[in-house]
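Chemist: Got a structure for you, written out below as structure tokens; questions coming shortly.
The values are calculated or read from the model by the stated rules, or taken from the named source; none is laboratory data. The model shown is predicted, which means the values in this text are computed figures rather than measured ones. Cβ sites come from the backbone with ideal geometry, for glycine too, and all protein chains shown count toward neighbours.
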Amino acid sequence: MKATNTCPKCQSRKVVMVKGKSSTTHKFWYGSWGRSEKYNRYVCTRCGFSETYAVLSDKFIKWANKNLPEIPEEDNDFV
């Protein structure tokens with residue numbers, strides 16, 4: 001919906017963006033110091049389907065890169 005402005009459920013192009021506000025219902029929290037990021041929501045006005053996307057700051061990207069778990073490389077013997 002974000003990239004195409006089209007609802008994946010009903011193919012309507014009547015999609016509106018609801019920008020994240022400063023309230024706690026439009027944010028997600030991370031880290032130990034109460035950091036937060038906003039959500040933007042895309043809502044189809046025809047069927048009501050919605051998608052939520054985080055608005056990521058440079059601080060969040062830096063925090064996420066430090067906190068990503070290391071995933072070991074596995075032997076790829078897929079046949």
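Chemist: Among the residues of the range 14-29, are any at pLDDT 95 or above, more than 30 Å from Lys66 (Cα to Cα), in a loop (DSSP other than H, G, I, E, B) and out of contact with any Cys (no Cβ under 7 Å at 6 or more places or on another chain)?
Modeler: No, the range 14-29 has no match at all.
Chemist: Identify, please: which residue in the range 30-64 is farther than 21 Å from Thr6 by Cβ and basic (Lys, Arg) and is, among those, nearest to the chain's Cα centre (by Cα)?
Modeler: The selected residue is Lys38.
Chemist: For residues that are at pLDDT below 80 and surrounded by 13 or more Cβ atoms within 10 Å (Cβ to Cβ), scanning just the range 33-79, find the one that is nearest to Ser12 (Cα to Cα).
Modeler: Ser36
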